[in-house]
DNA sequence: GTAGACATGTAACGCGTTACATGATTGT
DNA sequence: ACAATCATGTAACGCGTTACATGTCTAC
């Protein structure tokens with residue numbers, strides 16, 4: 001039930017094809033969300049049937065496969081707004097490595113330190129990607145308005161930046177304790 | 001493939017019944033992991049077949065249903081250690097509210113502030129629960145040894161504490177920006 | 001007598017992941 | 001010739017969630 005709103009969140013900003021949506025999810029927001037084409041295409045069709053999106057037209061560029069461009073409808077925007085304001089239960093932090101950390105007492109300290117350093121490095125990479133992304137987005141930001149979609153994107157990526165720093169810090173503390 | 005290791009992580013510390021495992025997961029570690037009985041019982045049976053756990057015995061207390069106590073085997077402990085040290089891809093931060101934040105530009109600021117305050121309160125509750133848990137665990141900690149399973153549990157819960165603080169802080173910043 | 005904890009399971013459903021299928025064009 | 005990108009889809013599988021089924025005992 002959530003992928004639906006992920007698609008709507010993107011379509012609320014601009015008309016897109018199924019392929020575009022998949023790209024934006026997996027390339028730009030890979031570390032946050034991911035979708036497979038098996039989810040995108042059927043879900044778009046389903047939402048079209050429910051009147052949440054509609055086919056804006058089929059773009060046919062020379063020597064290129066046809067692109068089916070979808071746009072959000074009034075009803076789709078309303079559904080998205082309602083979902084955004086809806087309350088729900090808090091999510092779990094389901095990170096496998098946290099479960100692995102639960103077993104540090106079992107394993108060889110030397111090898112665990114190696115793993116922790118590797119994890120830290122991976123989070124450092126993500127951090128760098130997020131920071132680059134924010135810098136890029138800030139140049140696009142003309143108004144300091146909270147109604148600007150780019151400002152919303154920056155806020156989300158900033159969460160990511162803080163999260164990665166927290167993770168790296170936690171790894172450091174664990175390494176010291178080993 | 002991950003629930004299996006969650007069960008083994010608990011069984012590596014003490015023999016437990018399926019019911020115990022479910023309770024520990026959902027009560028103590030609810031915000032981190034959760035399992036249903038449908039996953040616990042069949043998985044235990046499967047792991048018994050594979051020799052990762054074995055039935056220690058059936059505890060029959062007066063006027064109580066029989067409890068099937070499982071203990072981890074040598075092979076189970078080895079599998080758990082191997083998994084703990086294994087590399088893998090980084091997890092995604094799949095939190096629905098982050099996706100909702102992506103749509104703040106669409107919604108009424110007043111109502112969004114209300115939602116943000118609600119979310120903050122929920123995370124504050126979790127934070128309090130984590131802090132209580134750590135205080136409780138620290139009294140159980142006799143040795144300052146990294147080989148103590150309780151120290152490992154504390155480290156994981158401490159991640160939770162830092163995460164909840166980060167989330168609350170992020171909510172505050174969003175509220176100010178609205 | 002009715003609700004809730006204890007205890008073990010099964011059934012049904014939906015979501016997400018990986019892989020497959022098709023087909024054109026561009027670059028090496 | 002071969003791989004990669006663009007573009008739309010389908011199939012198969014596994015995991016996780018909710019709900020159901022069964023039965024005893026304790027507390028109100």
Practice problem: Any chance you could give the angle, 0 to 90 degrees and rounded to 10, that helix A:74-85 forms with the longest Cα principal axis of chain A? | Solution: 20
Quiz prompt | With 10 Å bins from 0: P(r) over the protein assembly as shown, alpha-carbon pairs, percent | solution = 5, 20, 27, 24, 16, 7, 1, 0, 0
Quiz item: With N residues in the range B:96-177, what two-decimal value do you get for its Cα radius of gyration over 2.2 N^0.38 Å?
Solution: 1.44
Quiz item: Using a label point 7 angstrom from Cα along Cα-to-C-beta, what distances in nm, from shortest up, separate residue B:175 from the other copies?
Solution: 3.6
Quiz item: Taking a quarter of the surface of the Cα convex hull of the range A:71-123, what do you get in nm²?
Solution: 6.5
Quiz item: Given the options B:54, B:46, B:100, which has the most mean-square fluctuation in a GNM of chain B, springs set between C-alpha atoms less than 10 angstrom apart?
Solution: B:100
Quiz prompt | Rh by Kirkwood over Cα pairs, then Stokes-Einstein D for chain B at 0.692 mPa s and 37 °C, µm²/s | solution = 172
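Pull out the extension gain between residue B:14 and residue B:113, defined as 0.36 nm times the separation in residues minus the alpha carbon to alpha carbon distance; nm, one decimal.
Values: separation 99, 0.36 × 99 = 35.64 nm, distance 4.59 nm.
Separation in residues times 0.36 nm, less the Cα-Cα distance, equals 31.1 nm.
From the mean inverse distance of alpha carbon pairs (Kirkwood) and the Cα radius of gyration, derive Rg over Rh for the range A:3-85.
Result: Rg/Rh = 0.97.
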Quiz prompt | Helix B:149-177 axis, angle to chain B major axis (alpha carbon atoms, nearest 10°) | solution = 20
Quiz item: Between residue B:82 and residue A:60, what is the label-to-label distance in nm when each label sits 7 Å out along the Cα-to-Cβ direction?
Solution: 5.7
Practice problem: Would you mind telling me which residue in A:98, A:127, A:11 has the biggest mean-square fluctuation in a Gaussian network model of chain A, where springs connect alpha carbons within a distance under 10 angstrom? | Solution: A:98
Quiz item: Given a cut-off of under 8 Å on Cα pairs at least six residues apart, what relative contact order in percent is computed for the range B:49-132?
Solution: 19
Quiz prompt | Contact order relative to length of the range B:74-178, as percent, for alpha carbon pairs under 8 angstrom and 6 or more apart | solution = 33
Exercise. Please work out which residue of chain B brings its Cβ closest to the axis of the rotation superposing B onto A, and round that distance to whole Å.
Key: B:166, 3
Practice problem: Rounded to the nearest Å, what's the spacing between the alpha carbon centres of the range B:89-166 and the range B:17-50? Just the number, please. | Solution: 22
Quiz item: If you average the sequence gap of Cα pairs under 8 Å that are 6 or more apart and divide by the length of chain B, what percent do you get for the contact order?
Solution: 18
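Laboratory data are not the source of any read-out in this text; all were calculated from the coordinates shown. Fair warning: this is a prediction, and the values are worked out from it, not measured in the lab. Glycine also receives a Cβ, built like all others from the backbone with ideal geometry; neighbour counts cover every protein chain displayed.
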